[in-house]
Structures are given as structure tokens and as C-alpha cells.
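Below is one structure; the comments refer to it alone.
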Amino acid sequence: MNTVQRSAFALTENASLRDRNTLRVDARAAWLADVHDATAIPDLLDQTALRDTPMLLLGEGSNVLFTGDFGGAVVTMRTRGVEVLDDGDDAARIRVAAGEHWDGLVRWTLAHGHAGLENLILIPGSVGAAPMQNIGAYGVEVGEFIESVEAYDLQQRRHTTFQNSDCEFGYRDSIFKRHPDCWLITAVTLRLPHEWSPRIEYSGVQDELRRMGIERPAPIHVADAVMALRTRKLPDPAVIGNAGSFFKNPLVPAAQAAALRAEHPQLPCWPAPNDTSKLSAAWLIEASGFKGLREGDAGISNRHALVLVNHGHATGPQLWALAQRVRDGVRERFGVELEPEPRVITA
Ligand SMILES: Cc1cc2nc3c(=O)[nH]c(=O)nc-3n(C[C@H](O)[C@H](O)[C@H](O)COP(=O)(O)OP(=O)(O)OC[C@H]3O[C@@H](n4cnc5c(N)ncnc54)[C@H](O)[C@@H]3O)c2cc1C
């Protein structure tokens, strides 16, 4: 194994990615680069190993499925640092390095009296990946709190900054998600307003707070309620390999949703922009009979129908084949197309 070690980055040849993805797929990368200092990115890209080679940007691997080895260079930001830029009358502005853990950041903000991110507690992954799919949970999306995103433009070979409006945030979507591997995100600046009211419109959170006997929740109570819900519903990747929700909730024309609801009144459905409706992918998968299904070591969680799990030694192609079987089954039964939420890496 060939290794290039500098204080600013480490470059390893023929590296295992098994501990770098939460589905625990045993893929390998021709080269693996860990970046400890964002200013060293140009120097890293000048290394012979990275010249003219395909590049894959990877965080903590909690939203990817490798269907094979990656023949190019996998690049991971390992930078750390949380800095309060200012804490004025209206809001705190906090700049966070891409390599910080998202959940650690949420806990840090709460411990330092900055509210806003509590609904997003316990989401795995790095801060650098959070803008990618505009991570969201329990009625809140990170894009609401992002002021700007710093990135290295891999084509233009220069550092650049995206303001919130440049990021084109949508439901599990952003400009970064639509153009993967174009920009290596190096830092995110959050704006957390001091004015706060609990975001508990999501009924599960309200029920949980009631169970906890909390009538007037503080941010930490909302965080506790979300943690209790997530721990109950979602399998822990440290215990069983998974990438969280494997499919997005599908958006369909409102008329199609109304027709489906007429036939299946229990199908959860929410209004969405542009005369569309968002359907519950979990309900569609469970109603198609896939919850708890297992083919070898590839399976659909019996706790949550949206979660594809690796019971031990499932390969990337086996997990992908099962996901496609679920997608085909839902299409045949309901005429609805499911789209994977994680990035499926095919080369
Ligand atoms: C148990 C579980 C629960 C989850 N719950 C939620 C949830 O509630 N809501 C939600 O939105 N997501 C959820 N996820 C998905 C996942 O946690 C998020 O998408 C997270 O942001 C991924 O972070 P990561 O560092 O692991 O990114 P990775 O999986 O490594 O990468 C994801 C994508 O981001 C890109 N990327 C990573 N880092 C960078 C960078 N620095 N610059 C540019 N591109 C980069 C990758 O190329 C890839 O396209 C869950 C996952 C698990 C396993």
C-alpha cells in the first residue's frame, strides 16, 4: 500500500471503504484522500495520483451506496472547527468546518444557547454534506439556517462562496446535489435567529412532548423528543448497516394523489408546491409487502419500511438489486415512481 502523508492531507492507495459507509459495503477506492486543511486542496489536486482521475467526494458515507469499487480518488474533508462570527441582536452567525459531525454541531449549538437546529439532532454525517441534500427532519430543513457555503470549485480550481439563494435548496435537493463532485464543500456558515418558537407541527413530536409531560417546550425538550422518536423508529447504523431513508417521499400530481387516496384513504399525503402532493414512501413500501423482507443479508428493516439494511455481508450489488425490486413493486402496485435518496455510486 502506497501512502503520502502531509500534515494537511493523507493519501492512501487501494483503500478499503467499508468503515467509510454506514451501509458497511466492502468497496475499495484506488486512492483515498483525507483533507485536514482546506488551503491544501490545490496541493492535493496536484499530486500525480489525483491528476486526470475521477473524483468522488465523501463525508461520513451515511447517504451513499457503493455498487462496486471506485477506480478514482475518494476525497474526504476532515477539517474541524466551530467559530461564532458574531452574536448580534438578531442572530448568531456560526462558521463550521466541513469535517465536523453534524450531530455534534447541533449539540454544541444547544449547549451554547443557540436554538434552531434541535429538530435536526441525531442526523448522521458531516457538516460538509448537510447542504448537499438540504438535510431535513420533523418539519425543518437546514437550508433555512444556512447563510453561505464555502467550497472549492474543482473545475475552475479556486475557492468560492455560495450565498443561500445560490444554493437552490429544495426538498432533499440543492445545486450541489444536482452537480455532484463539482464543488468540494469546505465550510458552512449558519445564521441562527435569537427569536425562537418551537417547530412542533409534526404530530409525532407533539405526541412525544405530551408523553414527556412538557407543555411549554424549550429547544432542549424538542431535541429530546426528536431523539426519542428517532431512536425508536430508525435502526442505528452502529448496530445494523443502513443509510437512513432509502427512498424520498414521491411528489406526484395532486390529481393522482387524490385518486390514490380515494382508493387508499390511509395513504399519508401532504400538499406540495405547483399542484403536486407528497406521498409517504414508507406507506407505499409497506402496503406493497416489502417491510421486513430479507434476501440473503440484504433487507428492508422491520422497524421502518423506508430503510434498506445490511444484515452482515450484503454486497453493494445485492443491496441495490433489493432496492430496485422494491421500486419496481411499488410502481406496479401504485403506479408511483420511487427515487433513491442516497447517492448510488456505480463506478
Ligand atoms: C440512520 C440514518 C438516519 C438519517 N436520517 C436523515 C434525516 O433525518 N434527514 C436527512 O436529510 N438525512 C438523513 N440521513 C442521511 C444522511 O445522514 C445525510 O444525508 C447526511 O448529510 C450525509 O452526510 P455524510 O457526511 O455521511 O455524507 P456522504 O454520505 O458521505 O455523502 C452524501 C453526498 O454528499 C456528498 N458530499 C459529502 N461531503 C461533501 C463535501 N464536503 N463537499 C461536497 N460534497 C460532499 C457526497 O458526494 C454525496 O453525494 C440519515 C442517514 C442515516 C444512516
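When you go through Gly113, Gly136, Gly128 one by one, which is the residue that is surrounded by fewer than 23 Cβ atoms within 10 Å (Cβ to Cβ) and either under 19 Å from the mean Cα position of the chain (by Cα) or of a type in the set (Phe, Trp, Tyr) (or both)?
Details: Gly113 fails: either under 19 Å from the mean Cα position of the chain (by Cα) or of a type in the set (Phe, Trp, Tyr) (or both); Gly128 fails: surrounded by fewer than 23 Cβ atoms within 10 Å (Cβ to Cβ).
Going through Gly113, Gly136, Gly128 in turn, the sole match is Gly136.
If you check Ala40, Ala10, Ala92, which single one turns out to be more than 30 Å from Ala323 (Cα to Cα), among the small types (Gly, Ala, Ser) and either part of a helix (DSSP H, G or I) or within 12 Å of the ligand (Cβ to nearest atom) (or both)? Working first, answer last.
Details: Ala10 fails: either part of a helix (DSSP H, G or I) or within 12 Å of the ligand (Cβ to nearest atom) (or both); Ala92 fails: either part of a helix (DSSP H, G or I) or within 12 Å of the ligand (Cβ to nearest atom) (or both).
That would be Ala40, the only listed residue that is more than 30 Å from Ala323 (Cα to Cα), among the small types (Gly, Ala, Ser) and either part of a helix (DSSP H, G or I) or within 12 Å of the ligand (Cβ to nearest atom) (or both).
Is it the case that segment 60-68 has a residue that's surrounded by fewer than 22 Cβ atoms within 10 Å (Cβ to Cβ), away from the ligand (no atom under 14 Å from the Cβ) and over 25 Å from Glu339 (Cα atoms)?
Taking every residue of segment 60-68 in turn, none turns out to be surrounded by fewer than 22 Cβ atoms within 10 Å (Cβ to Cβ), away from the ligand (no atom under 14 Å from the Cβ) and over 25 Å from Glu339 (Cα atoms).
Filter segment 174-205 down to residues that are within 30 Å of Gln155 (Cβ to Cβ), within 16 Å of the ligand (Cβ to nearest atom) and touching a Phe, Trp or Tyr at 6+ places or on another chain (Cβ under 8 Å), then give me how many there are. Break it down into steps so the answer makes sense when it comes.
Taking segment 174-205 first, the residues within 30 Å of Gln155 (Cβ to Cβ) are 174-191.
Subsequent filtering for residues that are within 16 Å of the ligand (Cβ to nearest atom) retains 174-190.
Cutting the leftovers down to touching a Phe, Trp or Tyr at 6+ places or on another chain (Cβ under 8 Å) gives us 175-176, 182-186, 190.
The number of residues fulfilling the criteria is 8.
Can you pull out every residue in segment 139-158 that is at pLDDT below 95 and near the ligand (Cβ under 8 Å from one of its atoms)?
none
Is there any pair linking a residue in segment 92-113 that is on the phi > 0 side of the Ramachandran plot and at pLDDT 95 or above to one that is surrounded by fewer than 19 Cβ atoms within 10 Å (Cβ to Cβ) and charged (D, E, K, R), with Cβ under 9 Å and at least six apart or on different chains, and which?
Taking only residues 6 or more apart or on different chains, not a single pair turns up.
Any residue that is at pLDDT below 95 and either closer than 18 Å to Phe145 by Cβ or surrounded by 15 or more Cβ atoms within 10 Å (Cβ to Cβ) (or both) - is there at least one of those in segment 159-171?
For segment 159-171, residues at pLDDT below 95 and either closer than 18 Å to Phe145 by Cβ or surrounded by 15 or more Cβ atoms within 10 Å (Cβ to Cβ) (or both): present.
The values are calculated or read from the model by the stated rules, or taken from the named source; none is laboratory data. Fair warning: this is a prediction, and the values are worked out from it, not measured in the lab. Glycine gets a Cβ as well: all are built from the backbone with ideal geometry, and neighbour counts include every protein chain shown.
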